[in-house]
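Worksheet: the structure to be examined is printed underneath.
No value in this document is a laboratory result; all are computed from the given coordinates. Everything numeric here is computed off the predicted structure, so don't read it as measured data. Every residue, glycine as well, gets a Cβ built from its backbone with ideal geometry; the counts of neighbours run over all protein chains shown.
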Amino acid sequence: MQQHTGQHLLSAVLLDLCDAPTVGFHLGAEASTIDVAGALEAGQIREVERRANQIVFENRPVMVSYQHSSEDLGLRKPTEREGVIRIVSIQNLDRSACGGTHVRATGEIGPILIRKLDRIRGNTRVEFLCGLRALERARADFQALSAIARSFSAPLDETPALVDSQREKLLDSERARRKVATELAQARGRELYVNTSPGADGVRRVERRVETLSDDLRAEAQSFTAGQKSIFLAIGENPPSVLLAVSADSGVKAGELLKAALTKANGRGGGSATMAQGSVPPGASLDELAKTLASSLDLTPDTRHLPHPPDT
Ligand SMILES: [Zn+2]
């Protein structure tokens, strides 16, 4: 009765203050909603909530009357019913054709709390709660906010600004961390180049097996192949994928070679002459692909299976 009468009241106020007619509503156990035509703004909603609660405090009578459909009924929303119509009215506010049960006066609705607004196909869905449900929701909101405030050791009203500034700081430190991680990967690539002995043809070859191909690994591969005569092959297990980076003077066209090998393995991918990447479907033989690539790149057991440095 509280939620239902509250819906009558809110629908009337939404029409009065915002010129927003109700096109539908839903009364739920957790929350109820009213769909109104058009767009609403947060400022309007605060006005609507304030006005609705004022009408609750005025404790206006909610009356039931019966009139014939042929009379001028003055309803908020015209009815298509014919014959005797049951009209529920809130004094000086609303007249609706309704067969439901209602409270006797607006005071019994209790506090009205409007929550979120959702845009749905040109309409606005207004979520609201009345009576004890509004109180319980406000209590739950307070507890959630208090928990956040406690974790910041800050007054509750300061938490939105604090959350914002913490998020900014987190983004900044993430950017700084990324920069350091990339620099570290590049240094690793240079070090690996120096520590890898060239083959008889003067080419330095490296094969790496990793869990996942990461941005850091790409940076390492690029840095390794910035050195002359170099080939860097990486196999990622999860998802099954490969990365091939080569120096321009390596005698290998990375994109073409990888694309051909991937096509045979039902995979997809490609890239430039010096950097290429691709993947094979889960369950496909990654080992088979790795073998094919190793053989076409002249990777020998000496240059393969280099220990992977600890993950950063
Ligand atoms: Zn009703």
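Give the number of residues within segment 3-40 that are assigned to a strand (DSSP E or B), in contact with an Asp or Glu (Cβ under 6 Å, 6 or more places away or on another chain) and within 15 Å of residue 97 (Cα to Cα). Walk me through it before giving the result.
Here is the first cut: in segment 3-40, the residues assigned to a strand (DSSP E or B) are 22-26, 32-37.
Adding the requirement that they be in contact with an Asp or Glu (Cβ under 6 Å, 6 or more places away or on another chain) leaves 23-24, 33.
Next cut, within 15 Å of residue 97 (Cα to Cα) only: 23-24.
Going through segment 3-40 one residue at a time, the tally reaches 2.
Which of the residues belonging to segment 243-281 are in contact with a Leu (Cβ under 9 Å, 6 or more places away or on another chain), more than 19 Å from residue 208 (Cβ to Cβ) and assigned to a helix (DSSP H, G or I)? Within segment 243-281, 255, 264 qualify.
Yes or no, residue by residue, for (1) in contact with a helix residue (DSSP H, G or I) (Cβ under 9 Å, 6 or more places away or on another chain); (2) away from the ligand (no atom under 16 Å from the Cβ); (3) touching a residue at least 60 places away in the same chain (Cβ under 8 Å):
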| residue | (1), (2), (3) |
| --- | --- |
| 2 | yes, no, yes |
| 6 | yes, no, yes |
| 14 | yes, no, yes |
| 18 | yes, yes, no |
| 22 | yes, no, no |
| 27 | yes, no, no |
| 32 | yes, no, yes |
| 39 | no, yes, yes |
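Okay, residues lined up against (1) surrounded by fewer than 18 Cβ atoms within 10 Å (Cβ to Cβ); (2) in contact (Cβ under 8 Å) with a residue 40 or more places away in the chain:
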residue	(1), (2)
235	no, yes
248	yes, no
276	no, no
280	no, yes
283	yes, no
293	no, yes
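Please work out if residue 67 is within 16 Å of the ligand (Cβ to nearest atom) and surrounded by fewer than 16 Cβ atoms within 10 Å (Cβ to Cβ). No, not satisfied. Applying the set (1) surrounded by 14 or more Cβ atoms within 10 Å (Cβ to Cβ); (2) hydroxyl-bearing (Ser, Thr, Tyr); (3) under 30 Å from residue 179 (Cα atoms) to residue 212 leaves exactly one unmet item: (1). Kindly indicate the residue of segment 118-148 that is touching a Ser or Thr at 6+ places or on another chain (Cβ under 8 Å) and surrounded by fewer than 17 Cβ atoms within 10 Å (Cβ to Cβ) and also farthest from residue 46 (Cα to Cα) among those meeting that condition. Only one residue tops the list, namely 148.
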